[in-house]
Structures are given as C-alpha cells and as structure tokens.
Amino acid sequence: MGSEVQSADAAKIKPQPSYPPNATLYLSNIDWSIKKPLLKRSLVALFSRHGKVMEVICLRGDSVGKGQKPKCLRGQAWVIFESLPAATAALEAERGFVFFGRPLMVNYAKEVSDRVAKRDG
C-alpha cells in the first residue's frame with residue numbers, strides 16, 4: 001500500500017520548469033506548518049548525504065495580521081551545495097521524496113546563489 005500512496009502523490013506533481021544546472025536547488029511543496037529550525041535541520045540531514053551543503057535558506061511567510069493572507073513565499077527553500085555534481089545527485093535522488101507527508105519538488109534554481117557567485121568570483 002505504501003507504493004500506491006507514493007505513486008498517487010507523484011501523479012499530483014505538476015511538470016516543473018527546467019533551468020540550467022547549478023549548485024543551488026529550489027525546493028517547493030514543503031508543508032507550511034513545519035517550524036523553520038526543524039525544517040532547516042531536516043533539509044540539511046536529507047541533502048548532506050549527497051555532498052557538502054553550504055547553506056539552506058527557508059522561507060516561512062507567517063500571516064502578517066488578522067484577516068490578511070500569508071506571504072507568498074511559504075513552503076519553499078533553497079539548498080546551496082558546494083559543487084554541481086552534489087546538487088545534481090541530490091536532485092535526482094530526492095525529487096518526489098515524501099518529506100513530512102508531501103512529495104518534495106526539487107529543481108535547479110533559476111539563478112546561481114549569491115554565496116556561490118561570490119565564491120566563484
């Protein structure tokens with residue numbers, strides 16, 4: 001039954017945009033209710049299996065006031081790897097991984113992170 005649930009979740013994943021490979025991965029479809037410290041620790045544990053993680057950036061847009069909608073960047077994160085091969089291995093291995101009950105959407109980020117750009121000059 002476990003594989004049936006995973007395949008049903010995988011069927012719900014929309015096609016994702018394809019960006020040129022780089023050392024920064026963009027993650028989406030993250031459960032909004034996960035607290036930021038737990039989310040960062042969990043993402044580092046999950047992705048560091050594939051190579052050195054330089055930084056994890058998590059955005060949790062909590063509601064800004066009574067009756068107002070949450071900020072639009074909720075449920076997203078970026079994982080910055082030290083190398084492109086590590087990022088590629090992580091993307092291939094973790095795309096669709098059920099993370100806190102939701103299939104993780106993993107893609108290369110649109111742009112190279114500032115941290116990698118500064119390192120590379």
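The values are calculated or read from the model by the stated rules, or taken from the named source; none is laboratory data. As the structure is a computational prediction, the values presented were derived from the model and not from experiment. Side chains included, ligands, DNA and RNA excluded: accessible areas come from the protein's heavy atoms. Shrake-Rupley method; radii C 1.70, N 1.55, O 1.52, S 1.80 Å.
Scalar couplings 3J(HN,Hα) for the stretch 97-106, obtained by applying the Karplus form with A = 6.51, B = -1.76, C = 1.60 to θ = phi - 60°, are 4, 7, 10, 6, x, 10, x, 6, 9, 10 Hz; x denotes Gly and Pro.
Between Trp32 and Ala45, what is 0.36 nm times their sequence separation minus the Cα-Cα distance? Round to one decimal in nm. Display every interim value, and only then the final one.
Numbers: separation 13, 0.36 × 13 = 4.68 nm, distance 1.88 nm.
Roughly 2.8 nm would be gained on extension.
For Phe97, the residues whose amide H sits under 5 Å from its own are Leu104, ignoring neighbours fewer than 5 places away on the same chain, with H placed 1.01 Å from N. Surface listing: Arg95, Arg74, Arg102, Arg49 arranged by accessible area from highest to lowest gives Arg49, Arg95, Arg102, Arg74, probe 1.4 Å.
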